[in-house]
Amino acid sequence: MKNQSILVSGAGVAGPALAYWLHRYGFHPTVVERAPGPRRGGHAVDIRGTAREVAARMGIVEQVRAATTGARGMAFVDETGKRVAKMGTEVFGHSGGPVAELSLRRTDLAQIIYDATSADVKYVFGDAIRTVDQNRDGVHVRFEHGGPRRFDLLVGADGVRSNVRQLVFGPDEHYLRDLGSYMSLFTAPTELSHDGWRLMYTIPAGNGRPGRTAALYPQLEPGTALTGFFVRSAPRWYARGDTDAQKRIVIGAFENDGWEVPWMLDAIWDAPDFYFDRTLQVVMDTWSSDRTALLGDAGYCASPMSGIGTSLALVGAYILAGELAAAAGEHTRAYAVYEQKMRLFTDRAQKYARSAGDGGLMPDSHLQMRVRNQMIRTLRFLPKRLVRRGMEKVADTVELDEYLTPVAHP
């Protein structure tokens, strides 16, 4: 077996999932993560289609089910809170709708996979890669804090603004596709009862203001909700680390709006897990360069609008590790097959995401919003095979191979 020592950058979902399979196949992964430990809080993610089979093969389905948020579906509400259109999970099944059966917080899923790997995989928290030098001898890495080390291979699984991608492939602007909107997520206390439904309040464009949606998502902890804001907007300048400026952008976009928006905006200043960013995709012609490969959002982020980023990460991790095992560590061959098997899946997911926010969450008119609501109301009367074919077609793109018998570790 060639190239057994593999450095993985990023301890979210993709990195630990890759480390799980690499260890199973006899490799020796090390995961480095800038954060001081596993992250807490965070927004809900869905495990769909083929990714459900990956989770089953990892043996983590029961832990995932225990951590699900209990979301029953998505309901659009008017200014008074009346539910004017809704989509329940029973209509779409496992993978077809806006809320999958296996829906949980991203950090809870990351913790489950970390727990499944921590005894066998070396994790280095509180550090990050500073420089990368690849040659025939391996990948020579300098860290921000730890001493220099050599690895056989490097995998960037460190998110949409991947440090590894910038170091090896070049600046962000070469690969980021802007989808024309901002999104913000944070946890807030609330006494509002939503019975497990994701509540969405949409305001169409008008009076010089763009289409936008404020949302509340159920959480496991009673008395809390995940607050979401989505607004169509040209890029606004602000210092990257200036969270107060980011919060003012959200407030400016939604101030004086109705429903629950006033208290949601008030809660923004005390949010323990405030997140704000452009809705972006990562589009690349190739996900590998010499001994380095990219995985998940680092190489092919579909954007949060897709609802399928976590599934891309889990399936990608399974295939990348499996192809390295099938090629006995020969990375050039393994990387090429990994890209070939994942390309159609990523293309479909990104195409789906590009249309998700256009008239759904950020409509350009009242007519467009009414058409959206009417379409949702008719879903339960349509044959399920028609209702499910959109997301289901994307989520089930890949058919998993059976890879080599796992190597027993001493």
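Using a 1.4 Å probe on the protein heavy atoms, what percent of the accessible area of the chain belongs to carbon and sulfur? Roughly 50 percent of what the probe reaches on the chain is carbon or sulfur.
With protein chains left intact and a 1.4 Å probe, residues in the chain average 43 Å² of accessible area per residue. Evaluating 6.51 cos²θ - 1.76 cosθ + 1.60 at θ = phi - 60° for every residue in region 123-133, the Karplus couplings come out as 10, 10, 8, x, 8, 8, 6, 9, 9, 10, 10 Hz, glycine and proline recorded as x. Near the amide H of Y25, within less than 5 Å, lie the amide hydrogens of V407, all on another chain or at least 5 residues away, with H placed in the peptide plane. A P(r) calculated from all alpha carbon pairs of the chain, with 20 Å bins opening at zero, reads 27, 57, 16, 0 percent. Ordering I251, T187, F230 by Cα displacement along the dipole of region 131-282 toward the positive end leaves F230 in first place; charges were set at the Cβ atoms of Lys, Arg (+1) and Asp, Glu (-1).
Working note: Karplus 6.51/-1.76/1.60 with θ = phi - 60° gives region 318-334 the couplings 4, 6, 4, 5, x, 5, 5, 5, 5, 8, 6, x, 6, 5, 4, 5, 5 Hz, where Gly and Pro are set to x.
In the P(r) worked out for region 105-151, what percent of Cα pairs fall beyond 12 Å? Working shown, then result.
Details: 754 of 1081 pairs.
So the portion of pairs separated by more than 12 Å is 70 percent.
Equivalent-ellipsoid semi-axes for region 159-264 (Cα gyration tensor, √(5λ), whole Å, largest first): 29, 19, 13.
With coordinates expressed along the principal axes, the C-alpha atoms belonging to region 279-347 extend over 37, 20, 16 Å, beginning with the largest. Summarising the amide proton neighbourhood of K122: residues at separation of 5 or more, or on other chains, whose placed amide H is nearer than 5 Å comprise V31. Each residue of region 300-313 was assigned a 3J(HN,Hα) from its phi angle through the Karplus expression (A = 6.51, B = -1.76, C = 1.60, θ = phi - 60°), giving 8, 4, 8, 5, x, 5, 6, x, 9, x, 5, 5, 4, 5 Hz with x at Gly and Pro. The lysine pair tally for the chain, using Cα distances under 26 Å and a gap of 8 or more places or different chains, is 10.
The values are calculated or read from the model by the stated rules, or taken from the named source; none is laboratory data. Since the model is a prediction, treat every value here as computed from it, not as a measurement. Ideal geometry is used to build each Cβ from the backbone, glycine not excepted, and the neighbour counts take in all protein chains shown. These area figures cover heavy atoms from the full protein model, side chains too; ligands, DNA and RNA do not enter into them. Shrake-Rupley method; radii C 1.70, N 1.55, O 1.52, S 1.80 Å.
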